[in-house]
Amino acid sequence: MSLLFRDIGGASPTPAGSVVCIGAFDGLHRGHQALIGRARGRARELGLPLVVLSFEPLPREYFMAAEPPARLLLPAAKLAGLAALGVDVIGLLRFNPAMVAMPAEAFVHEVLVAKLHAREVWVGPDFRFGHRRGGDVALLERMGGELGFSTHGLPLVEAAGERVSSTAVRAALAAADFPRAARLLGRPYAIPGRVVRGRQLGRTLGYPTANLRFGGRRPPMQGIFATWVHGVGDRPMASVSSLGTRPTVNGTEPLLEAHLFDFAGDLYGRRIEVEFVARLRDELKFDGLPALVEQMDRDAAEARALLAAAAPARAIAETPCPAGAPSHSLSPTTP
C-alpha cells in the first residue's frame with residue numbers, strides 16, 4: 001500500500017530513512033520510469049522505502065496560470081501510476097506561496113532530511129529546485145555530503161534517437177503523432193477517469209457519451225478522435241471521442257466525451273480509460289445542431305473504419321503504467 005502526504009509538517013512517514021526521487025513526473029514517460037526504476041532498485045537493496053516527491057499544481061502551472069502548459073496526467077492518474085511503479089510513499093506537495101518562497105537549502109533541511117531522513121536522492125537531468133530555482137545537483141551533492149545522503153542524477157533517456165521528455169510528449173500529442181507519443185511514454189497515450197454526468201445532449205442527438213472531466217487543466221490536444229475505451233467489458237470498445245470545449249453548444253470547460261459503438265448501458269461512476277488512436281479533425285463550431293449531427297455521422301463512420309483495421313494497442317489497464325508493474329492502493333496520511 002502506498003502512503004500519500006501533502007504537507008511538509010507532521011510526523012515523518014519514513015523515520016528509519018528512505019530513498020527519494022524528486023520531479024514533476026507529468027506523463028510518467030520512459031525517462032520517469034527509468035529514474036524511478038533505478039531508485040526503486042536501490043531502495044530494495046538498502047531495505048528502505050522509496051519516496052517520490054512531486055507537486056500540485058505543477059510549478060509551471062503555478063507560474064503560468066494565465067496560459068498554463070498542457071497537462072499529460074491528472075493528479076489521480078499520476079498517483080495511481082506511481083503506486084503501480086512500486087513507490088512506497090508519495091509526497092504530492094502543495095505548490096503554494098510558501099513553497100515558492102522556500103530556499104533550496106531549507107527544502108533540503110526541512111523536507112529531505114527532517115521529513116524523509118533521505119539516504120539517497122535521485123533526480124533527472126537539468127533538475128532545479130527551491131526559490132528562484134536556486135538549487136541543483138551540485139547543491140544536493142554538497143549538502144548531502146554534510147547531512148548524510150548521496151545524490152544521483154540519471155542521464156538523458158532516448159527513444160528511437162529522441163530525448164524523452166514531457167515537452168516532447170506534448171509536442172507529439174499536439175501533432176496527433178500517437179506512435180511517437182507511445183515511443184516516448186512506453187505505452188499508448190490514454191486518459192483515465194470516472195464517468196460523470198453531462199448535459200445529456202449527446203443522448204438526444206443519437207450519440208450518448210461517457211464524459212470525463214479534465215479537472216480544469218489544459219489538455220495536450222483538442223479535436224475529434226478514433227479511440228478505444230477500456231474498462232467497460234472484457235475487451236476494449238471501439239469509440240469516437242471529442243476532447244475540447246464543445247463550441248457549438250457554447251461550452252467552456254475542457255471535456256472528454258466518448259461515444260462507444262454498439263453499446264447501451266449506464267456508465268455513470270465507472271472508471272474507464274480512453275486510448276487515442278487517430279485524430280479525425282479539429283473541433284469546430286457548427287451552425288446549429290442538425291449540421292453538427294451530420295458531421296458526427298461522418299466522424300463515427302470514419303472512426304469505425306479506422307478501428308476495424310487496427311487492434312487495440314494494449315489490454316485493459318487500471319493505471320497509465322506498463323503492464324506487469326505491481327499494483328498498490330493509496331492510503332492518504334494527510335488531507
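Looking at (1) touching a helix residue (DSSP H, G or I) at 6+ places or on another chain (Cβ under 6 Å); (2) over 22 Å from residue 130 (Cα atoms), which is the one condition that is false for residue 87?
(1)
Test each condition in (1) closer than 16 Å to residue 245 by Cβ; (2) touching an Asp or Glu at 6+ places or on another chain (Cβ under 7 Å) for residue 199 and report the one that comes out false.
(2)
Of all residues in the stretch 61-76, which are in contact with a helix residue (DSSP H, G or I) (Cβ under 9 Å, 6 or more places away or on another chain) and touching a residue at least 24 places away in the same chain (Cβ under 8 Å)?
Passing the criteria: 62, 68, 69, 70, 71, 72, 73.
Are there helices (runs of 4 or more DSSP H) fully within the stretch 137-249 with at least 3 residues that are assigned by TED's automatic domain parsing to the domain that holds residue 287 and of a type outside the set (Phe, Trp, Tyr)? List them.
Details: elements: 137-147, 166-174, 178-185, 201-204.
The qualifying helices (runs of 4 or more DSSP H) are 201-204.
Residue-by-condition table, conditions (1) small (Gly, Ala, Ser); (2) farther than 17 Å from residue 23 by Cβ:
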| position | (1), (2) |
| --- | --- |
| 88 | no, no |
| 93 | no, no |
| 104 | yes, no |
| 132 | no, yes |
| 136 | no, no |
| 143 | no, yes |
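Looking at 113, 108, 169, can you tell me which residue is within 26 Å of residue 56 (Cα to Cα) and surrounded by fewer than 19 Cβ atoms within 10 Å (Cβ to Cβ)? Working first, answer last.
Numbers: 108 fails: surrounded by fewer than 19 Cβ atoms within 10 Å (Cβ to Cβ); 169 fails: surrounded by fewer than 19 Cβ atoms within 10 Å (Cβ to Cβ).
The match here is 113.
If I filter the stretch 18-38 for residues that are polar (S, T, N, Q) and surrounded by fewer than 20 Cβ atoms within 10 Å (Cβ to Cβ), do I get at least one hit?
Scanning the stretch 18-38 turns up no residue that is polar (S, T, N, Q) and surrounded by fewer than 20 Cβ atoms within 10 Å (Cβ to Cβ).
Residue by residue through the stretch 43-58, note down the ones that are assigned to a helix (DSSP H, G or I) and surrounded by 17 or more Cβ atoms within 10 Å (Cβ to Cβ). Spell out how you get there, then give the answer.
To start, the set of residues in the stretch 43-58 that are assigned to a helix (DSSP H, G or I) comprises 43-46.
43 - this is the single residue of the stretch 43-58 that is assigned to a helix (DSSP H, G or I) and surrounded by 17 or more Cβ atoms within 10 Å (Cβ to Cβ).
Determine which member of the set 213, 217, 132 is at pLDDT below 95, closer than 30 Å to residue 104 by Cβ and within 17 Å of the chain's Cα centre (by Cα).
Numbers: 213 fails: closer than 30 Å to residue 104 by Cβ; 132 fails: within 17 Å of the chain's Cα centre (by Cα).
Of the residues listed, the single one that is at pLDDT below 95, closer than 30 Å to residue 104 by Cβ and within 17 Å of the chain's Cα centre (by Cα) is 217.
List the residue pairs whose Cβ atoms are under 7 Å apart, where the first residue sits in the stretch 168-187 and is at positive phi, the second is part of a helix (DSSP H, G or I), and the two are 6 or more positions apart or on different chains.
186/30; 186/33
I'd like the full set of residues that are at positive phi and small (Gly, Ala, Ser), limited to the stretch 70-122. Break it down into steps so the answer makes sense when it comes.
Taking the stretch 70-122 as the starting set, the residues that turn out to be at positive phi are 86, 117.
The one that is at positive phi and small (Gly, Ala, Ser): 86.
Picking from 59, 69, 49, 75, which residue would you name as being of a type outside the set (Phe, Trp, Tyr) and over 18 Å from the mean Cα position of the chain (by Cα)?
When all the criteria are applied, what remains is 49.
Checking the conditions here, which among 173, 93, 156 is aliphatic (A, V, I, L, M) and at pLDDT below 95?
The unique qualifying residue is 156.
The values are calculated or read from the model by the stated rules, or taken from the named source; none is laboratory data. For clarity, every value in this text was computed on a predicted model and none was experimentally measured. For neighbour counting, all protein chains shown are included, and Cβ atoms are generated from backbone atoms with ideal geometry for every residue, glycine included.
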